Every structure is written in C-alpha cells, then in structure tokens.
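Beneath this line is the structure, given in structure tokens, with notes to follow.
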Amino acid sequence: KKGSYDHFMQKEIHEQPHSLTTTMRGRLKDSGVLLGGLKEYLKTIRRSRRVVFIGCGTSYNAALAARPFVEELTGIPVAMEVASDLLDRQGPIYREDTAVFVSQSGETADTLFALDYALENGALCVGITNTVGSTLSRRTHCGVHINAGCEIGVASTKAYTSQIVAMAMLALAVGSDQISTQARRQVIISGLSSLPSKASEVLKLDAEMKELASSLIDSESLLVFGRGYNYATALEGALKVKEVALMHSEGMLAGEMKHGPLALVDENLPIIVIATRDACFSKQQSVIQQLLSRKGRLIVMCSEGDASAVCPSGSCRVIKVPEVADCLQPVINIIPLQLLAYHLTVLRGFDVDQPRNLAKSVTTQ
Ligand code: UD1
Ligand code: BG6
Ligand code: NA
C-alpha cells in the first residue's frame, strides 16, 4: 500500500496534488462552489452571529489557517477553540453560533464531547471531516467530507491541506451572496484550481529539504515564525517537527517576537521565518533584519524571486516556494515543512508513521 514509498507519511505528503484534486472534484466551478452538504444550511450560517472553529492538533491548525479568509469572505467574526479548552472552561456557545468541528478521523474524543456541548447549547453544528460515516459526520447537522483519501501516518499531512481547501470552499459558499467581494472570490477560485499543480511544483523541494534536515539533525530546538495567513503554518510546521522528529519546536506569531522570543535568539538556534508575499511582507522583512542583527541563524521561506528582498546580505538559507492567492499560500507553504519533518525523522532514526507515545485517533479524554 505504500507503493514505491518507504513510509505512509512520505506517500501522503507526495499524494497532495491528487488529494487536493479530489477535495475539489465536482465542487469547484468557474462561477462558484457547490457544496452539496451545506446547500440547505447556507442561509442559517449567514445569519449566525459567530463562527466558532473547534478542533485538536493539526485540525485546529487547519481551522486557524482558514480563519482569515472565512472572516474576509463572510464578514462573520470567527472564534477559535481547542476542543479540550472549550470543555475545561465550559466556554460560551450560543444558539446564534455556527460551530464548525474539524477532525480528520471524526472520532477524536475531545472534539466529540465539544460537539455534544454545542448541540446542547443549540448551535448549528457543521462538520469538516475525512471520514464518511464517522461519529462527527453523523452527529453534526451538516458538513463537508474533505475526500482526501485514507490517511494512515499518525502525523496528519494531506488531511491538513484538504481541510484548508474545504474551508475555503465553505467560505466561498457562505459569502457567495456578497457583491462587494465578488472579484476577490474569483481570484480565490482560480487560486484553488491552481493548487494541485503548485503542490507538484513545491514537492520538487524534496532533496533540498532533506539537505536542510541534515544540517538540523543535531539541533535541540527549532523556532518557526509566521504571521497573518501563515501564523497557522508556523504552528503546524512546528507541530510536525515535534511530533515525528521528536525535536523541540515552537511556532510563534512574528508580531510577538519582541515580547519574549527574541531573548532566545543566538547564532545556534535555527529559526524558520515565513515571508512569502502578502500584506505582511514588509513587516516580515523587518523581523528578518532584527533577527539578523542579533546574529540569528535564519532559514527564510519566501516567494520565488524574493531571495534578495528577504535577505539582502545573503546570510540566510532560503526556501523558495511558488506563489498562489495570498490566503491559500498556507496550503503550499506547509509542504516543505512536512518534507523537512519527514527527513529529519528518518535521519534521526525515529519511527515516522508511529511516533513515540502518539495515536492516530485519540478516542479517550
Ligand atoms: C455527496 C456524496 C458523494 C456524491 C455527491 C454527488 C456521500 C458521503 N457523499 O457528496 O458520494 O458523489 O454527493 O452529488 O454520500 N455531513 C455532515 N457532517 C459532516 C460531513 C458531512 O452532516 O461532518 C453531511 C452533509 O451535510 C451531507 C452528507 O453528509 O448531507 C454528505 O456530505 P458530502 O459528502 O460532503 O456531500 P457531497 O459533496 O454533496
Ligand atoms: C491526534 C493525531 O493527536 O489527533 C493528530 O495524532 C491529529 O495528527 C489530532 O491532528 C486530531 O485528530 P483528528 O482526527 O480529530 O483530526
Ligand atoms: Na450529519
């Protein structure tokens, strides 16, 4: 079943041009999107006072990646909830809320308990899951199957990118009644259709990421700085590294750098800075300058053609990725970090598909 690949994680990373295609199949049209599972609920979603995203682990990070474009295209405020934390706080969920549950397996205990809680509180409950027939799919009022195909590696990869794409289609569908964002929606629709080919392109970085991994093999820690559309990329990239390569890694909001993380910077600690093109680009350029002036050991992810714009001194290592519509850039940017985590794990001699102490589906609290 792994075919020519050594591990499921590797196979699933390289499958993404295909899994992204199947997520959009029959749903993405030039004129808009058609999500059969949401059709009858769009009006209710549009009337809701809040969208609350709820999930755990990588699925939470996918929702975080979706938050900016859901807010932008729907105008509805989006709240983020880690399922266990919502339950710990017994946080407010109202009848006027649309609660969106994101889960690859559809069986994560905390997410399902949060679903029961939201149902009791009268919210409209929407599922985003990879598993037809799962508890999440059955108990939600409606939802979207991401159709990424079975994912076996404990570290979620292709489900992450397909979840983001499913939520982009959700945002387009909910926002489709708004005239003012029509041109923007069109840009995102053509961006979505270009994703499979851009994913194939970025996968060509495989050998380069293996080489980068070999230079990081003895590091004790790795920081990842992102902001805006790519804050989630920083969290998810760091999560991949810690869960499979068993290396300490933290994703950080670049805008918070001066409020603590800067104290860690020296010539040894590797720091990945995500600085692809979007409205935050110049802010990331100045973050890079400030890290370099403290002798930071930088690896900068940038758009093709931007190597000298992000690092004029030439003293950073650069990862060049193809550009897509800004809000979809997280789908492309995570792929080199998945490859990095994969190669780091193999080089460090750890189990890629069954990381120590972790389970694919956490069905107990
Ligand atoms: C559906 C069919 C698909 C078929 C297509 C043809 C299924 C599972 N899907 O896809 O095989 O090719 O019509 O038009 O038979 N749902 C939830 N919660 C979730 C996820 C989904 O309640 O977390 C519900 C949806 O609201 C919907 C149903 O499950 O009622 C199927 O969802 P989905 O597979 O996403 O719908 P389609 O894309 O229309
Ligand atoms: C586990 C998995 O911790 O559950 C992660 O190891 C996953 O990969 C998380 O992101 C949430 O799982 P699910 O199925 O709810 O998306
Ligand atoms: Na359902």
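Take the residues of the stretch 330-365 that are closer than 30 Å to Thr276 by Cβ and β-branched (Val, Ile, Thr): which is farthest from ligand 3 (Cβ to nearest atom)?
To start, the set of residues in the stretch 330-365 that are closer than 30 Å to Thr276 by Cβ comprises 330-348, 350, 352-353, 355, 358.
In the following step, the residues that additionally are β-branched (Val, Ile, Thr) were identified as 331-332, 334-335, 345-346, 352.
Details: Val331: 26, Ile332: 31, Ile334: 28, Ile335: 31, Thr345: 36, Val346: 39, Val352: 34 Å.
Across the stretch 330-365, the extreme among qualifying residues is Val346.
Residues in the stretch 89-101 that are surrounded by fewer than 16 Cβ atoms within 10 Å (Cβ to Cβ) and in a loop (DSSP other than H, G, I, E, B): Gln90, Gly91, Pro92, Tyr94, Arg95, Glu96.
Taking the conditions exactly as written (small (Gly, Ala, Ser), modelled with pLDDT under 95 and open to solvent by 40 Å² or more (accessible area, probe 1.4 Å)), does Ser313 satisfy them or not? Spelling it out, Ser313 is indeed small (Gly, Ala, Ser), modelled with pLDDT under 95 and open to solvent by 40 Å² or more (accessible area, probe 1.4 Å). Report yes if Leu246 is hydrophobic (A, V, I, L, M, F, W, C), surrounded by fewer than 24 Cβ atoms within 10 Å (Cβ to Cβ) and over 21 Å from the mean Cα position of the chain (by Cα), otherwise no. When the stated conditions are applied, Leu246 does not pass them.
Checking every residue in the stretch 68-85 against the condition of being closer than 21 Å to Ile335 by Cα and surrounded by fewer than 21 Cβ atoms within 10 Å (Cβ to Cβ) gives at least one match.
Name the residues in the stretch 1-42 that are open to solvent by less than 20 Å² (accessible area, probe 1.4 Å) and modelled with pLDDT of 95 or more, would you?
Pass one, the stretch 1-42, residues open to solvent by less than 20 Å² (accessible area, probe 1.4 Å): 9, 12-13, 16, 19-20, 23-24, 32, 35, 38.
If the condition is that a residue be open to solvent by less than 20 Å² (accessible area, probe 1.4 Å) and modelled with pLDDT of 95 or more, then Met9, Glu12, Ile13, Gln16, Ser19, Leu20, Thr23, Met24, Leu35, Leu38 are the ones that fit.
Would you confirm whether or not the stretch 26-39 contains a residue that is closer than 30 Å to Glu201 by Cα and within 16 Å of ligand 3 (Cβ to nearest atom)? The answer is yes; a qualifying residue exists.
Taking the stated definitions as given, is Thr44 touching a residue at least 60 places away in the same chain (Cβ under 8 Å), farther than 17 Å from His141 by Cα and β-branched (Val, Ile, Thr)? Let's see the steps before the verdict.
Numbers: touching a residue at least 60 places away in the same chain (Cβ under 8 Å): yes; farther than 17 Å from His141 by Cα: no; β-branched (Val, Ile, Thr): yes.
When the stated conditions are applied, Thr44 does not pass them.
If I ask for residues that are more than 19 Å from Lys158 (Cβ to Cβ), of a type in the set (Ser, Thr, Tyr) and in a loop (DSSP other than H, G, I, E, B), which ones from the stretch 1-44 would you list?
Just the residues of the stretch 1-44 that are more than 19 Å from Lys158 (Cβ to Cβ), to begin with: 29-44.
This time we only want the ones that are of a type in the set (Ser, Thr, Tyr), so: 31, 41, 44.
Within the stretch 1-44, just Ser31 meets the criteria.
Would it be correct to say that Ala65 is more than 16 Å from ligand 3 (Cβ to nearest atom), open to solvent by less than 10 Å² (accessible area, probe 1.4 Å) and not β-branched (Val, Ile, Thr)? Walk me through it before giving the result.
Values: more than 16 Å from ligand 3 (Cβ to nearest atom): yes; open to solvent by less than 10 Å² (accessible area, probe 1.4 Å): yes; not β-branched (Val, Ile, Thr): yes.
Here the answer is yes, as Ala65 does meet what is asked.
Summed over the stretch 156-208, residues that are assigned to a helix (DSSP H, G or I) and without any contact (Cβ under 8 Å) to a residue 40 or more places away in the chain total 4.
Quick grid of which residues meet (1) of a type outside the set (Asp, Glu); (2) out of contact with any strand residue (DSSP E or B) (no Cβ under 6 Å at 6 or more places or on another chain); (3) open to solvent by 20 Å² or more (accessible area, probe 1.4 Å); (4) under 30 Å from Gly75 (Cα atoms):
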site: Ser162; (1), (2), (3), (4): yes, yes, no, yes
site: Leu172; (1), (2), (3), (4): yes, no, no, yes
site: Val202; (1), (2), (3), (4): yes, no, no, no
site: Phe225; (1), (2), (3), (4): yes, no, no, yes
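Among the residues making up the stretch 120-135, those that are surrounded by 24 or more Cβ atoms within 10 Å (Cβ to Cβ) and within 14 Å of ligand 2 (Cβ to nearest atom) are Gly127, Ile128, Thr129, Asn130.
Yes/no per residue for (1) aliphatic (A, V, I, L, M); (2) more than 10 Å from ligand 1 (Cβ to nearest atom); (3) modelled with pLDDT under 95:
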{"site": "Asn121", "(1), (2), (3)": "no, yes, no"}
{"site": "Cys142", "(1), (2), (3)": "no, no, no"}
{"site": "Ala148", "(1), (2), (3)": "yes, yes, no"}
{"site": "Ala155", "(1), (2), (3)": "yes, yes, no"}
{"site": "Gly191", "(1), (2), (3)": "no, yes, no"}
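For the stretch 102-153, how many residues meet the condition of being assigned to a loop (DSSP other than H, G, I, E, B) and out of contact with any strand residue (DSSP E or B) (no Cβ under 6 Å at 6 or more places or on another chain)? Walk me through it before giving the result.
To start, the set of residues in the stretch 102-153 that are assigned to a loop (DSSP other than H, G, I, E, B) comprises 104-108, 121-123, 130-134, 140-141, 146-153.
Imposing the further condition that a residue be out of contact with any strand residue (DSSP E or B) (no Cβ under 6 Å at 6 or more places or on another chain) reduces the set to 104-105, 107-108, 121-122, 130-131, 133-134, 146-153.
Residues meeting the conditions: 18.
Scanning the stretch 128-165 for residues that are closer than 11 Å to Ser59 by Cβ and within 15 Å of ligand 3 (Cβ to nearest atom), we see that the one that is farthest from the chain's Cα centre (by Cα) is Leu136. In this structure, Thr98 does satisfy being more than 11 Å from ligand 2 (Cβ to nearest atom) and touching a helix residue (DSSP H, G or I) at 6+ places or on another chain (Cβ under 7 Å). Identify the residue in the stretch 204-223 that is of a type in the set (D, E, K, R) and closer than 18 Å to Val321 by Cα and, among all such residues, is least open to solvent (accessible area, probe 1.4 Å). Result: Asp206.
The values are calculated or read from the model by the stated rules, or taken from the named source; none is laboratory data. Here the structure is a predicted model, which is why all the values come from computation and not from measurement. FYI the Cβ positions are ideal-geometry reconstructions off the backbone, even for glycines, and counts take in every protein chain you see. For the accessible areas, the whole protein counts, side chains as well, though only heavy atoms, and no ligand, DNA or RNA atoms are used. Shrake-Rupley method; radii C 1.70, N 1.55, O 1.52, S 1.80 Å.
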